[in-house]
Amino acid sequence: MTNRRIIIDTDPGLDDAPAILHALNCGRFEVLGLTTMAGNIGLDNTTRNAGRLLAAMGRSDIPVITGAAKPLARGVIDISDIHGSDGLHGLALPGPQAAPRPDAVALDGRFALAEPAGSVDIFAPGPLTNIAGLITRHPAAAARVGQIIAMGGAVDEPGNIGPRSEFNFATDPEAANIVLRAGRDLTLVPLDVTRKVRAGTAYMAALRGNPPGDIAADIIALYFGTGRESRPLHDPCVMLRRSTRACSDIEDRHLSVDLAGDPGALSPAADQPATKIALRVNAKGVLDLLAAGLTRT
Ligand code: RIB
Ligand code: CA
């Protein structure tokens with residue numbers, strides 16, 4: 001099976017980090033670049049953390065490209081209590097070994113136009129600000145992107161920001177609205193799935209033994225915070241969706257994005273294009289595959 005060529009559009013972020021490490025180490029993806037945006041923490045920190053993770057993996061050959069410094073039409077949501085003031089709770093990692101490149105949206109557009117249509121997927125474990133920019137500023141390029149797999153939304157589950165809104169969609173509901181309405185090959189991995197994929201202390205300890213596994217274990221320990229015995233690994237579910245059917249049971253749903261009352265909340269809307277939604281998951285299967293990808297030598 002040839003490696004899927006992917007761009008990871010990300011806001012690292014404690015749960016983005018093991019997702020990125022897995023994609024770099026599992027042997028199933030050719031990571032063409034990391035594009036960043038403001039989300040879990042500001043753009044400077046998400047960009048620096050992307051460079052630090054690449055440096056830790058000896059992959060500073062992979063470019064980091066800076067994207068949106070803020071959502072399309074509102075401010076960011078402060079969740080630094082979860083991710084820490086630097087976005088990785090002070091995790092000791094090397095500094096970036098290469099300067100980031102500017103303008104993720106323009107770069108994604110150039111990639112999409114230069115590469116064979118459908119040959120590059122975008123994995124999106126963060127707010128959809130950059131992808132919305134690609135769709136609106138470079139529609140011809142956006143049409144050549146392969147799959148877009150995004151962690152976002154809550155369908156039949158409560159939200160984690162508002163009553164029914166999930167953080168990535170609540171951070172930039174206008175962007176989520178543009179991406180869902182664009183009718184692209186989009187698969188959402190919502191809280192309905194990701195809340196079930198939980199790492200506990202035994203799982204974390206079993207990851208140790210090689211650099212990506214050690215870093216992931218350190219990050220999960222930090223993600224536990226004070227007194228928590230487990231945390232949902234939201235973002236790794238994006239990578240696992242593409243590499244296996246562990247997040248099985250994809251349903252087509254026609255959904256609208258709330259921009260006012262509970263920004264980012266999803267509601268049934270017959271007039272919207274269908275979006276593929278992962279609604280059930282083999283959580284043990286995802287965790288086993290994540291561990292295998294992180295500990296692969
Ligand atoms: O709701 C989960 C999402 O919000 C994840 O992408 C996590 O990184 C946080 O940003
Ligand atoms: Ca994220």
Among GLY13, GLY39, GLY33, GLY27, the single one that is touching a residue at least 12 places away in the same chain (Cβ under 8 Å), assigned to a loop (DSSP other than H, G, I, E, B) and surrounded by fewer than 23 Cβ atoms within 10 Å (Cβ to Cβ) is GLY27
Within region 188-208, residues crowded, with 19+ Cβ neighbours inside 10 Å and assigned to a strand (DSSP E or B) come out as LEU188, VAL189, ALA199
Any residue at all in region 96-112 that is at positive phi, outside any helix (DSSP H, G or I), more than 16 Å from ligand 2 (Cβ to nearest atom) and at pLDDT below 95?
yes
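Among the residues of region 143-157, which ones are hydrophobic (A, V, I, L, M, F, W, C), within 18 Å of the chain's Cα centre (by Cα) and away from ligand 1 (no atom under 16 Å from the Cβ)?
In the first step, residues of region 143-157 are kept if they are hydrophobic (A, V, I, L, M, F, W, C); the result is 143, 145, 148-151, 154-155.
In the following step, the residues that additionally are within 18 Å of the chain's Cα centre (by Cα) were identified as 145, 148-151, 154-155.
The answer is VAL145, and nothing else.
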Given the condition buried (at least 19 other Cβ atoms within 10 Å of the Cβ), assigned to a loop (DSSP other than H, G, I, E, B), more than 17 Å from the chain's Cα centre (by Cα) and at pLDDT 95 or above, answer yes or no: does some residue in region 224-239 qualify? no
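Would you mind stating whether MET1 is farther than 23 Å from VAL197 by Cα, at pLDDT below 95 and more than 16 Å from ligand 2 (Cβ to nearest atom)? I'd like the intermediate steps shown before the answer.
Numbers: farther than 23 Å from VAL197 by Cα: yes; at pLDDT below 95: yes; more than 16 Å from ligand 2 (Cβ to nearest atom): yes.
So MET1 passes the test.
Going by the conditions given, is LYS276 more than 23 Å from LEU24 (Cβ to Cβ), part of a helix (DSSP H, G or I) and out of contact with any Leu (no Cβ under 6 Å at 6 or more places or on another chain)?
Values: more than 23 Å from LEU24 (Cβ to Cβ): yes; part of a helix (DSSP H, G or I): no; out of contact with any Leu (no Cβ under 6 Å at 6 or more places or on another chain): yes.
So LYS276 does not fit the description; no.
Can you pull out every residue in region 42-69 that is assigned to a loop (DSSP other than H, G, I, E, B), within 15 Å of ligand 1 (Cβ to nearest atom) and out of contact with any strand residue (DSSP E or B) (no Cβ under 6 Å at 6 or more places or on another chain)?
To start, the set of residues in region 42-69 that are assigned to a loop (DSSP other than H, G, I, E, B) comprises 42, 57-63, 67-69.
Now narrow it down to the ones that are within 15 Å of ligand 1 (Cβ to nearest atom): 42, 67-68.
Matches in region 42-69: GLY42, ALA68.
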By residue number, the members of region 83-131 that are within 16 Å of ligand 1 (Cβ to nearest atom) and either surrounded by fewer than 24 Cβ atoms within 10 Å (Cβ to Cβ) or among the hydrophobic types (A, V, I, L, M, F, W, C) (or both) are GLY84, SER85, ASP86, LEU88, HIS89, LEU91, ILE122, PHE123, ALA124, LEU128, ILE131
Kindly indicate whether ASP218 is in contact (Cβ under 8 Å) with a residue 40 or more places away in the chain and within 16 Å of ligand 2 (Cβ to nearest atom). no
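The values are calculated or read from the model by the stated rules, or taken from the named source; none is laboratory data. Note that the structure is a prediction, hence the values are computed from the model and not measured. Note: ideal-geometry Cβ built from the backbone for every residue, glycine included; neighbour counts use all protein chains shown.
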